[in-house]
Amino acid sequence: MSDALGDPRLLQIGALIVVVSDVVIRALLGADDAIRVPTGITTTIAGAIEIGRAPGVVQVTFRAPASALETAGLKTYAEELYA
């Protein structure tokens, strides 16, 4: 199922990448060092999940290959915003 912003599975994949990267980085560091890493460090490297105060407001930010943006019909839009 797609909506006006493209395939919602892209957002799910991005969120999964952010969460898994956080787990992997903390697992590699070990328990003592992992507790010292601020939450924002991992999400800055891999993306971010921002949960708004209003119910149902969630923004997921992640890097996406241009080919995926093109497939979703978002490449031109992204280029206009960020070029």
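Taken together, the values in this text are just the output of simple stated rules run on the coordinates, not laboratory data. In this text the structure is predicted, and so the values were computed from the model without any measurement. Ideal geometry is used to build each Cβ from the backbone, glycine not excepted, and the neighbour counts take in all protein chains shown.
At each listed q (0.13 Å⁻¹), what is the log10 of I(q)/I(0) that the Debye formula gives for region 8-82 modelled as equal alpha-carbon point scatterers?
Each listed q corresponds, in turn, to -0.49.
With a 10 Å Cβ neighbour count serving as the proxy for reagent exposure, in which order, fewest first, do V24, V19, V57 appear?
The order, fewest Cβ neighbours first, is V57, V24, V19.
How big is the dipole moment of region 8-82 about its Cα centre under a simple scheme where the beta carbon of each Lys and Arg is +1, that of each Asp and Glu is -1, and everything else is neutral? Debye, nearest 20, please. Could the numbers behind the result be given before it?
Values: 6 positive and 7 negative charges, 28 e Å.
Dipole about the Cα centre, nearest 20: 140 debye.
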